[in-house]
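Everything on this sheet refers to the single structure shown next.
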Amino acid sequence: MDALNQRALQKLILTVEANAQSLELLIAVCDDRNFQAEMIEAYEVELRQQEIATFRVRLNPQQPSLRASLEELVAREPGLRSGERAVVTVLNAEALLGVRLVSEEKTEQEQFFFSLQWTREALRRFEFAVVLWVPDGMATRIGQRAPDFWSWRGGVFEFVAASRAPAEGGQLVMTARDVSAESKLGALSKADLQQQIEGLEASAPESSLLITLYNNLGEAYERAYAYGEALEQYEKALRLARAKNNLAGQARSLWNLGNSLRDTGRPAQAVEYYEQGLEVCREIGDRHGEANSLIGLGNAYYSLGQYQRVIDCQQQSLEIHREIGDRNGEAASLGNLGLAYNSLGQYQRAIDFQQQSLEIHREIGDHNGEAASLGNLGLAYNSLGQYQRAIDFQQQSLEIRREIGDRNGEANSLGNLGNASYSLGQYQRTIDFFQQSLEICREIGDLSGEAISYFNLSQALAKTDEKREALQSFEKARALFEGMELLHMVEKCNEAIQALKKIF
């Protein structure tokens, strides 16, 4: 790292060493999630050498309170109650939404700032150092919205990563993303879009062009996996579209909000936006938008495990796509129907739908969709117990995804290869696949994929002599699932953690 980051890191370490047995509130500022992870690992390694225990906790978007998060951690970590020297790293602030969702009085960020401002005294009972990691924009807002907490801070440490190219993703992966109504190829850079927006906001703040530009900027952020910033731009677009009664702009903004919320592990909230978008599309007679809204709604229900609703939505979408002659949309609907039937245990029916989807993707030359269909066929054959056949399909999918540079899809294929190898009892091979998938998910900032990779990796490690590594991996998966409010997965992690702890 460069000299400035090295200096900030050493100052942070020295401050923690001096205050590891008393409450010390420290704020670390970083906009790059991968670099943030590197800095945390660096200071935790050095502090452990100084016999300072290190802990991590993630803010829960459902209850975004620093005090509540620390109380929960202390309740499950006896070491923090015994007065030992310790530091707690607080994560997930960047995931708190700055937009107000349907039926909410405050945004998640507003709730967090409120809790910081009015619970300072309640934090005094925690006798350890606390390092709260936040992006630069949120650090500024803490100073504005929680000035009492800000004045009590023990230090602010800024870390700036070297420039790196944003990850280019956003193409269809049937288990996670929908067919986009507009091509994202050739999009302007975030800097260019921001410059255009600032110019229009200054000269013509009511211009309808801003609706398009806000959505374009949000999509640019989303391609870089910066979902918080994307959501803010989509909300701006939606407010302006509603103010101008621009129904087409509303439909696009609602669609984008639904996609981002689903991608950040909030499928129940995504449903509300997809339903609103569906209503608008029907009102203006946009059949293509109606079909894609139904795909989005179906995929949100898929994330919620409501498979019959998935089938209803995807069947309606399929009929419309066939009616308007949208072959790509038809293939997507067929593939998603296959996924739903696979989840219901109707594997042969799932295979039939995936084969139809694959034929269309090959017919129209859609390599992205072809890779997705091959991967989904692999899933179906894995469910049938035909593991070698499943591996063959996943290998074909992986080759295409690497060829077209689809990093998200590559991680997905590697994970599916890991699942098939696990079924064959090839645990070391399984571990290799899951570790590759995890590395890519962390690189591109895919929190959901990272959590699933950790969980799957833990299960494989538990089958070997690396039981302690499995325990640590389950704990990392649990923290990520907690941040995404996927409580059924949190419970699965807890069960696995308790079972492993009995071995020790």
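Subtracting the Cα-Cα distance from 0.36 nm times the residue separation, let me have the gained length for Asn245 to Trp118 in nm, one decimal.
Taking 0.36 nm per residue and subtracting the Cα distance, the gain is 41.8 nm.
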Round to the nearest 10 and report in Å² the accessible area of Thr430, as given by a 1.4 Å probe over the protein chains' heavy atoms. 0 Å²
Please report the orientation-averaged projected area of segment 280-409, defined via the convex hull of its C-alpha atoms, in nm². 8.0 nm²
Could you compute the net charge surrounding Ser303? Neighbours are other residues with a C-beta less than 11 Å from the C-beta of Ser303; K and R count +1, D and E count -1. +1
Histogram of C-alpha separations across segment 338-470, 5 Å bin width, %: 2, 12, 19, 21, 21, 14, 7, 2, 1, 0
Helix-only [θ] at 222 nm, the chain, -39500 (n - 2.57) per DSSP H run of 4+, per residue, nearest 500, equals -22500 deg cm²/dmol
So what is the relative contact order of the chain, in percent, for Cα pairs below 8 Å that sit 6 or more residues apart? 11 percent
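What does the accessible area per residue of segment 408-455 come to in Å², with a 1.4 Å probe and no ligands, DNA or RNA counted? Walk me through the intermediate numbers first.
Details: 1670 Å² over 48 residues.
On a per-residue basis, 35 Å².
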Within the chain, how many Lys pairs that are eight or more residues apart, or on different chains, come under 17 Å at the alpha-carbon? 14
Test of understanding: what is the full-extension gain from Asp2 to Arg402, defined as 0.36 nm times their sequence separation minus their Cα-Cα distance? 140.7 nm
Does segment 264-348 come out rounded, prolate or oblate, given a ≥ b ≥ c as the square roots of the eigenvalues of its C-alpha gyration tensor, rounded meaning a/c under 1.5 and, failing that, prolate meaning a/b above b/c? oblate
FRET efficiency for Arg125 and Gln49, using Cβ-Cβ distance with R0 set to 41 Å, rounded to 0.05: 0.90
Where a ≥ b ≥ c are the square roots of the eigenvalues of the C-alpha gyration tensor, would you call segment 6-83 rounded, which needs a/c under 1.5, or, failing that, prolate if a/b is larger than b/c, or oblate? oblate
On the protein heavy atoms, probe 1.4 angstrom, tell me the percent of accessible surface of the chain carried by carbon and sulfur. 46 percent
Applying the gyration tensor rule to the Cα atoms of segment 351-393 (axes a ≥ b ≥ c; rounded if a/c under 1.5, else prolate if a/b exceeds b/c, else oblate), the class is prolate
Before I look further, what does segment 231-381 give for accessible area per residue, probe 1.4 Å, in whole square angstrom? 36 Å²
At a Förster radius of 45 Å, what calculated FRET efficiency corresponds to the Cβ-Cβ distance of Gln348 and Glu443, to the nearest 0.05? 0.75
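Based on the Cβ-Cβ distance of Ser22 and Gln63, what FRET efficiency does E = 1/(1 + (r/R0)^6) give at R0 = 25 Å, to the nearest 0.05?
Once the sixth-power term is evaluated, E becomes 0.45.
What dipole magnitude, in Debye to the nearest 20, does the chain give about its Cα centre under +1 on Lys/Arg Cβ and -1 on Asp/Glu Cβ?
Values: 51 positive and 71 negative charges, 206 e Å.
It comes to approximately 1000 debye.
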State the Kirkwood hydrodynamic radius of the chain in Å, one decimal place, computed from all pairs of distinct Cα atoms. 24.1 Å
Which stretch or stretches of segment 247-272 have amide N atoms under 17 Å from the point lying 7 Å from Asp312's Cα along the Cα→Cβ direction? 268, 271-272
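The values are calculated or read from the model by the stated rules, or taken from the named source; none is laboratory data. Here the structure is a predicted model, which means the values were calculated and not measured. Because the Cβ atoms are built from the backbone with ideal geometry, glycine has one as well, and the counts that use them run over all protein chains shown. Just so you know, the surface numbers come from the protein's heavy atoms only, side chains and all, with ligands and any DNA or RNA stripped out. Shrake-Rupley method; radii C 1.70, N 1.55, O 1.52, S 1.80 Å.
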